[in-house]
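No lab work stands behind these numbers, since they all come straight from the coordinates. The structure presented is a predicted model; accordingly, all values stated were derived computationally and were not measured. For neighbour counting, all protein chains shown are included, and Cβ atoms are generated from backbone atoms with ideal geometry for every residue, glycine included.
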Amino acid sequence: MTIPESVKDLIERKEALYKFLNIEGLTKEIAEEEKQTEAADFWNDPKEAQAVMKKLKAKKSWTTAYAEVAASCDDLEVMAEFFDAGDASEEEVNAQIEATTKLVEGLEFKNMLRGESDRFDAVLSINAGAGGVEAQDWAEMLMRMYIRYAERSGYKVAISNSLDGDGAGIKSCTMQIEGDFAFGYLKSETGVHRLVRVSPFNAQGKRMTSFASVSVTPLVDDTIEVVVDMSRLSWDTFRSGGAGGQNVNKVESGVRLRYQYKDPYTGEEEEILIENTETRDQPKNKENAMRLLRSQLYDREMKHRMEEQAKIKASQKKIEWGSQIRSYVMDDRRVKDHRTNYQTGDVTGVMDGKIDEFIKAYLMQFGGKE
């Protein structure tokens, strides 16, 4: 593509983003909501005020990102004029084209995260499949991968609950990942992850296949109304095991929440069980467990809505829990996502949390359809 063609393409994409993101409307809404925050009684209701501030921050993230794109496009147009006049080199113009393209593609990619729950924090659960120590070790490898991804992304990670494996690894774990659009990015990880490798736990050095299931749900905040029937809820307390000092083992700080859930659409009943040993403070653990319960109830409602939409749009692809989504083949140095066909040979990097390209490939293919 020539320089004039590249400049024209980026300007057109910028203008399309302006219309599609409704920047004009968002700017007016931000101005009106900022006036509300200046009112003397704004903080009289802290809960409502925090909800307004959170929505305001989310809207500003779009207008700020667009402003960066617009400024870069303006600089590019000026640079192109200098180039035509002989006052700028081709290398300088191409460098500006590359920088502008990166910003435009970044905002186009972020545009895939416009679902109601995409902006929320995430609850990520991992469960080892059948296969004993090998599967448990794989579950722990995945746990480390997501922790490293969160750290690379500037997210905060807290392990809500973890069950050690028999001899090595983990049987299961639940972690909360907090940060802007954490759920929007990580929702692509829900499904079965398959590991193929020469097992270090096999004396014959055989090539083995292991599975682990990953589930990601949005961690809802107080701005979302979720009804919890307190008459269906009960609590158990227990001593938290594992590292953390003597107090963890002597005091019953761990909590187990039992909720007798009744599906409002089918009438089916089941028990939702949530354990939390995140802190040494039992009330704090109860509060965290309630947040996790609200998140599960919200997720069930959202899945019902998605299923209803899918009936209308039968052609829409839906990634179901339990489907095999990705294979990690260690000796072939290959990780492949079966939904998008994106693959990489950087197995070490992937296991160290470099999964951004997998997430991007998924969102660019399926994000706009959800």
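Treating each Cα of region 80-189 as an identical point scatterer and summing with the Debye formula, the log10 of I(q)/I(0) at q = 0.14, 0.16 Å⁻¹ comes to -0.69, -0.79. When the chain is treated as a GNM with alpha-carbon contacts under 10 Å, the residue of R291, R256, R232 showing the greatest mean-square fluctuation is R232. Ordering L21, A49, I97 by the projection of their Cα atoms onto the charge dipole of region 3-110, which places +1 on the Cβ of Lys and Arg and -1 on the Cβ of Asp and Glu, puts A49 at the extreme positive end.
Among L142, L273, L107, the largest mean-square fluctuation in a Gaussian network model of the chain (Cα springs under 10 Å) belongs to L273. Give me the base-10 log of I(q)/I(0) for region 42-101 at each q in 0.17, 0.21, 0.24, 0.28 Å⁻¹, Debye formula, one uniform scatterer per Cα, rounded to two decimals. Ignoring solvent entirely, the Cα scatterers give -0.63, -0.78, -0.89, -1.02. Computed from the alpha carbon atoms alone, the convex hull of region 1-112 holds 109 Å³ per residue. In a simple Cβ point-charge model (Lys, Arg +1; Asp, Glu -1; nothing else charged), the chain has a dipole of about 1760 debye relative to its Cα centre.
In a fully extended conformation the segment linking D236 and K60 would gain 59.1 nm over its present Cα-Cα distance, using 0.36 nm per residue. Cross-link pairs exceeding 19 Å in C-alpha to C-alpha distance, out of K19/K54; K14/K110; K55/K303; K156/K354; K59/K110, comprise K19/K54; K55/K303. Placing +1 on the Cβ of every Lys and Arg and -1 on the Cβ of every Asp and Glu, with no other charges, gives region 1-149 a dipole of roughly 900 debye about its Cα centre.
Rounded to the nearest 500, the 222 nm mean residue ellipticity of the chain from helices alone is -15500 deg cm²/dmol, with -39,500 (n - 2.57) taken per DSSP H run of at least 4 residues. Considering the chain as a Gaussian network with a 10 Å cut-off on Cα pairs, which listed residue, R207, R148, R300, attains the greatest mean-square fluctuation? Judging by the Gaussian network model, the answer is R207.
Any idea what % of Cα-Cα pairs in the chain are farther than 29 Å? For the chain, the share of Cα pairs beyond 29 Å comes to 54 percent. If R0 equals 22 Å, the separation of the Cβ atoms of A95 and A67 corresponds to a calculated FRET efficiency of about 0.60. Measuring r between the beta carbons of R334 and H304 and using R0 = 41 Å, the FRET efficiency lands at 0.65.
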